[in-house]
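Notes to accompany the following structure.
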Amino acid sequence: MALHGALVAGFGQWRNSPEVFHEEPSEFAHRFAVFYARRTAQNTGELLAGYLNHEDPRPRISREHGFWNRTRGALLSVVQTKDADGSVRPALAPIAGAFGSGMVGVACYERNNDAAHGFRRSGIVYSTYFANAVFREFKPDLTTFAYRLLRQKRPY
């Protein structure tokens, strides 16, 4: 997690995004701290909304077959959850996590700290839930493919 935070802070420092007045090494530390604050707010929002909505926090892969059906199942796993009796309802934990992260990010900077930027950051975080769900769905296939490529005999 510390390496991830350092990479995110370094990339933000390099791009000067979000824009800050001072390009000093102390800004890197600030960006690093903001990363941890946003992740804490994201995890707290997920935990509280998931607990209050009785959502199962475990990641799930679909039991579908075929690329499009599996992709659809992965994307739907972000927006809906199943009850204990099997009925489907909206998944509020990812929404609360994304909203918490976006709004805490807005509160941590002097510039670009209005509601529009908060919703934009929330949307970016929410989109990562979709990307992670698709990656989680196809990770076994990608691992098998990579293993086969590495084990392939190469004529030299």
Residues of the range 1-46 classified as modelled with pLDDT of 80 or more, closer than 13 Å to Gly105 by Cβ and hydroxyl-bearing (Ser, Thr, Tyr), total: 2
Every residue from the range 66-84 that is closer than 19 Å to Ala96 by Cα and of a type outside the set (A, V, I, L, M): Ser77, Gln80, Thr81, Lys82, Asp83
Any hit, the range 75-97, residues being part of a helix (DSSP H, G or I), within 15 Å of the chain's Cα centre (by Cα) and within 21 Å of Gly12 (Cβ to Cβ): yes
Residue under evaluation Phe99, criteria (1) among the hydrophobic types (A, V, I, L, M, F, W, C); (2) modelled with pLDDT under 80; (3) within 17 Å of Gly123 (Cα to Cα), criterion not met: (2)
Count of residues meeting criterion [loosely packed, with under 11 Cβ neighbours inside 10 Å, in contact (Cβ under 8 Å) with a residue 40 or more places away in the chain and assigned to a helix (DSSP H, G or I)] in the range 111-139: 0
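The values are calculated or read from the model by the stated rules, or taken from the named source; none is laboratory data. Being a predicted model, the structure only gives us computed values, none of them experimental. Reconstructed Cβ throughout: ideal geometry from the backbone, glycine too, with neighbour counts over all protein chains shown.
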